[in-house]
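What follows is a short report on a single structure.
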Amino acid sequence: TRTDLRDYIESLGVDDADTLSCIADGTYESWIRENTTAASEAGITSTPTLLIDGEQTTRLSADELVARVKELAAR
């Protein structure tokens, strides 16, 4: 629930009023729900999931990711 999430966030030391208000108000609930549904419909079953050029890939190191992006940009 929102209350549980807010309590958890506060237990981590977060005391920013805007952040806590966002959680309490459920500001992004519909966005999260819609994106979760879209990901599920696209066959994504875990996080993190990395898609490069529309293809699911394994985790990459930062250097590997930069190299892959540069490779695609050079096309």
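The values are calculated or read from the model by the stated rules, or taken from the named source; none is laboratory data. Source: prediction; values computed, not measured. When we count neighbours, we look across all protein chains shown, and the Cβ atoms used for this are built from the backbone with ideal geometry, even at glycine. Protein only, heavy atoms only, side chains kept; ligands, DNA and RNA dropped before computing areas. Shrake-Rupley method; radii C 1.70, N 1.55, O 1.52, S 1.80 Å.
For the range 54-73, the tally of residues that are of a type in the set (Val, Ile, Thr) and under 20 Å from Ala39 (Cα atoms) stands at 2.
Close contacts from the range 36-53, counting a first residue that is among the hydrophobic types (A, V, I, L, M, F, W, C) and a second that is assigned to a helix (DSSP H, G or I), with Cβ to Cβ under 9 Å and a gap of 6+ residues or different chains, come to Ile44/Ala38; Leu50/Leu65; Ile52/Leu65; Ile52/Arg68; Ile52/Val69; Ile52/Leu72. Go through the range 55-66 and count every residue that is open to solvent by less than 70 Å² (accessible area, probe 1.4 Å) and either under 17 Å from the mean Cα position of the chain (by Cα) or not polar (S, T, N, Q) (or both). Summing the residues that are open to solvent by less than 70 Å² (accessible area, probe 1.4 Å) and either under 17 Å from the mean Cα position of the chain (by Cα) or not polar (S, T, N, Q) (or both) in the range 55-66 gives 3.
Taking the range 13-57 as the range and being within 27 Å of Thr3 (Cα to Cα), in a loop (DSSP other than H, G, I, E, B) and small (Gly, Ala, Ser) as the test, the residues that pass are Gly13, Gly26, Ser46.
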